[in-house]
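Undergrad: Have a look at this one.
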Amino acid sequence: MRVFGFYIVTAFFWFSLYTYVPYVSPFADDMGANLRLVGLITGAYGFTQMVIRFPLGIFSDKIGKRKIFVILGMFFAAAAGFVVFIFPNPYTLLVTRALGGVAAAAWVTFTILGVSYYPAEKSAKVMGHLSAFNSFGRMAALLTGGLIAQRFGLEFAFLLGGIAGVVGLFGAFFIKEKVTSSSSSPSFKELLTVAKNKQLLACSVLGIVSMFIAFATTFGFVPLAASLLNASQLQLGLLGVVSTIPGIFMAPLAGSVMPRKLGAPATLVIGFLLAGIGSGLVAFSGSLTVLFIVQIIANIGNAILGALLLGLCIHDIPASRRATAMGFFQAVYGIGMFLGPFAMGQISYVFGLTVAFVFIGIVGIFGVVCTTFYAKRGHLMY
């Protein structure tokens with residue numbers, strides 16, 4: 001029951017952050033933001049995570065506590081939703097995405113708290129289950145947000161996110177955790193040595209590439225591409241639902257079955273190929289039907305990459321240093337969450353959306369090359 005309650009709070013956390021994600025770039029465009037500003041708005045979510053996650057992980061390991069950061073994450077998730085509802089303009093949209101990134105930084109402690117409920121050797125499997133609840137929360141948010149936006153207007157999708165954040169915040173106070181004694185906690189110097197772990201470094205680089213693809217497309221400019229194909233608010237929400245369904249089913253498989261049967265490197269290669277191909281084909285989607293199909297392909301790949309890298313990055317990290325390692329991993333892949341939308345905005349502004357999506361497809365091939373490089377050096381052990 002303790003674990004199930006934690007999973008429910010996890011679902012509400014991501015529900016709160018994703019009720020309005022499909023509408024960020026179209027909403028900014030409607031309010032007069034150019035493509036460069038749209039790129040900055042969508043990239044702000046990754047920028048704040050990049051800055052906060054590693055020090056948050058270090059501090060969490062130092063004090064031996066996770067729950068307080070989960071509570072703070074829920075608070076900022078709620079605040080992010082209310083800002084745009086009260087003051088709708090491109091600049092409050094920028095603030096909202098930055099606040100959303102502050103909230104999402106707490107995912108570091110969510111993941112480590114989840115792992116703490118199970119034996120260390122089950123970390124990859126647990127990450128798969130946790131990723132599934134993550135995807136379920138996002139899917140429910142995108143579907144409900146789409147219905148709300150269609151019926152009442154875009155601002156109300158943001159309001160829904162704020163309300164869900166308040167509900168999740170209430171639930172977070174009832175989460176149970178095992179607090180590590182501060183007297184036995186590692187020093188800051190010892191925690192910083194975690195960043196030298198070769199498998200963690202390899203997973204972090206692959207995380208940059210993975211998030212570069214996902215946040216340039218699915219969580220960045222794919223909704224704008226759909227709006228240019230005259231998608232309704234409900235269809236934008238359904239497009240987001242399509243992007244999350246693969247995570248519900250693929251994340252548990254990617255966290256255990258696939259790497260056990262195929263090996264972690266082969267599983268990651270499949271993930272990068274699917275993510276790259278699906279993203280590149282957006283450039284040639286002349287209808288919403290085709291766009292939906294290629295997004296399913298891309299997000300099967302994204303789900304595989306997200307779930308497996310989360311487990312691999314802490315594979316051989318001691319429990320007392322895992323929040324630091326996870327914070328490092330998630331801070332580093334935050335670079336991709338920021339640079340993906342930023343690069344997409346710059347390329348789209350100069351060359352157009354078609355060229356930009358083709359470029360993202362090539363980035364997927366780069367991910368395959370990087371995976372092969374690290375696999376040959378034994379840095380992707382499952």
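The values are calculated or read from the model by the stated rules, or taken from the named source; none is laboratory data. All of these numbers come straight from a predicted model, not from anything done at the bench. Positions of Cβ are generated from backbone atoms using ideal geometry, with glycine treated the same way; all protein chains shown enter the neighbour counts. When the accessible area is computed, the model is the full protein with side chains, heavy atoms only, and any ligands, DNA or RNA have been set aside. Shrake-Rupley method; radii C 1.70, N 1.55, O 1.52, S 1.80 Å.
Undergrad: Within the stretch 331-354, can you find the residues that are open to solvent by 60 Å² or more (accessible area, probe 1.4 Å) and closer than 19 Å to S285 by Cα? Please lay out each step first, then the result.
TA: Taking the stretch 331-354 as the starting set, the residues that turn out to be open to solvent by 60 Å² or more (accessible area, probe 1.4 Å) are 339, 342, 349-351, 354.
Correct list: F351, T354.
Undergrad: Then there's this: Pick out, from the stretch 1-72, the helices (runs of 4 or more DSSP H) lying fully within it that include 2 or more residues that are in contact with a Leu (Cβ under 7 Å, 6 or more places away or on another chain), open to solvent by 10 Å² or more (accessible area, probe 1.4 Å) and touching a residue at least 24 places away in the same chain (Cβ under 8 Å).
TA: Details: elements: 2-18, 24-30, 35-63.
Ranges flagged: 24-30, 35-63.
Undergrad: With on the phi < 0 side of the Ramachandran plot, in a helix (DSSP H, G or I) and without any contact (Cβ under 8 Å) to a residue 60 or more places away in the chain as the only criterion, which of I362, I347 stands out?
TA: Details: I362 fails: without any contact (Cβ under 8 Å) to a residue 60 or more places away in the chain.
After ruling out the rest, the residue left standing is I347.
Undergrad: Check S279, S285 and return the single one that is touching a Ser or Thr at 6+ places or on another chain (Cβ under 9 Å) and polar (S, T, N, Q). Before you say what the answer is, go through the steps one by one.
TA: Details: S285 fails: touching a Ser or Thr at 6+ places or on another chain (Cβ under 9 Å).
Within the list S279, S285, the selection yields S279.
Undergrad: Sticking with this structure for a sec: In this structure, is F249 open to solvent by less than 30 Å² (accessible area, probe 1.4 Å) and aromatic (F, W, Y)? Even if it seems obvious, please write down each step before you answer.
TA: Working: open to solvent by less than 30 Å² (accessible area, probe 1.4 Å): no; aromatic (F, W, Y): yes.
The answer is no for F249.
Undergrad: Polar (S, T, N, Q), part of a helix (DSSP H, G or I) and either modelled with pLDDT of 90 or more or closer than 15 Å to F13 by Cβ (or both): does that describe S183? Spell out the reasoning first.
TA: Details: polar (S, T, N, Q): yes; part of a helix (DSSP H, G or I): yes; either modelled with pLDDT of 90 or more or closer than 15 Å to F13 by Cβ (or both): no.
Criteria not met by S183.
Undergrad: Give just the number: which of (1) open to solvent by 30 Å² or more (accessible area, probe 1.4 Å); (2) out of contact with any Pro (no Cβ under 9 Å at 6 or more places or on another chain); (3) more than 22 Å from I208 (Cβ to Cβ) does I296 not satisfy?
TA: Condition not satisfied by I296: (2).
Undergrad: Also, quick follow-up: Go through (1) at pLDDT below 95; (2) more than 30 Å from I277 (Cβ to Cβ); (3) open to solvent by 10 Å² or more (accessible area, probe 1.4 Å) and name the single condition A231 misses.
TA: (2)
Undergrad: Inside the stretch 290-313, can you point out the residues that are under 19 Å from P119 (Cα atoms) and either of a type in the set (G, A, S) or not in a helix (DSSP H, G or I) (or both)? Steps first, please.
TA: Of the stretch 290-313, the ones under 19 Å from P119 (Cα atoms) are 307-313.
Listed by number, the residues that qualify are A307, G311, C313.
Undergrad: Give the residues of the stretch 105-144 that are in contact with a Phe, Trp or Tyr (Cβ under 7 Å, 6 or more places away or on another chain) and at pLDDT 90 or above, sorted by residue number.
TA: A106, G137, A140, A141
Undergrad: What residue, of L201, L238, is open to solvent by 40 Å² or more (accessible area, probe 1.4 Å) and either closer than 22 Å to F158 by Cβ or not in a helix (DSSP H, G or I) (or both)?
TA: Details: L201 fails: either closer than 22 Å to F158 by Cβ or not in a helix (DSSP H, G or I) (or both).
Exactly one of L201, L238 is open to solvent by 40 Å² or more (accessible area, probe 1.4 Å) and either closer than 22 Å to F158 by Cβ or not in a helix (DSSP H, G or I) (or both), namely L238.
Undergrad: In the list F357, F328, which residue meets the criterion of being surrounded by 24 or more Cβ atoms within 10 Å (Cβ to Cβ) and within 18 Å of F272 (Cα to Cα)? Reasoning before the result, please.
TA: Details: F328 fails: within 18 Å of F272 (Cα to Cα).
Answer to the selection: F357.
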